[in-house]
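Single-structure report; data block below.
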Amino acid sequence: MQGQDFELIPFGAGRRICPGLPLALRMIPVMLGSLLNSFNWKLEAGIEPQALDMEEKFGITLAKARPLRAIPSPL
């Protein structure tokens with residue numbers, strides 16, 4: 001049944017669903033990309049790119065076994 005998607009409650013559902021939902025869903029990746037490009041990123045002190053642990057941990061979603069620790073600095 002259309003309009004019964006309650007996954008995104010802040011936008012409402014049914015007949016009174018927010019008309020801005022498609023725009024918001026398209027803007028989130030754009031805003032995230034813009035935010036990521038607004039900083040210079042470097043690894044924590046003492047970690048070389050070749051030494052990064054890229055092992056994966058399986059679950060409902062695929063994630064890194066050890067989180068990537070990156071430090072942002074202003075451009």
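With the requirement that a residue be among the aliphatic types (A, V, I, L, M), at pLDDT 80 or above and either assigned to a loop (DSSP other than H, G, I, E, B) or more than 22 Å from LEU36 (Cα to Cα) (or both), what does region 63-73 give you?
LEU68
Tell me, which residue of region 38-55 that is loosely packed, with under 11 Cβ neighbours inside 10 Å and of a type in the set (A, V, I, L, M) is nearest to LEU75 (Cα to Cα)?
Filtering first and then ranking leaves ALA45.
Any residue in region 20-34 that's within 16 Å of PRO10 (Cα to Cα): show its pairings with residues that are outside any helix (DSSP H, G or I) and not hydroxyl-bearing (Ser, Thr, Tyr) at Cβ separation under 9 Å, as long as the two are six or more apart or on different chains.
Close Cβ pairs satisfying both conditions: LEU21/GLY12; ALA24/CYS18.
Name the pairs: first residue in region 37-53 and part of a loop (DSSP other than H, G, I, E, B), second residue exposed (fewer than 10 other Cβ atoms within 10 Å of the Cβ), Cβ to Cβ under 6 Å, at least 6 apart or on different chains?
GLU44/ARG69
The values are calculated or read from the model by the stated rules, or taken from the named source; none is laboratory data. For clarity, every value in this text was computed on a predicted model and none was experimentally measured. No Cβ is skipped: glycine too gets one built from the backbone with ideal geometry, and neighbour counts run over all protein chains shown.
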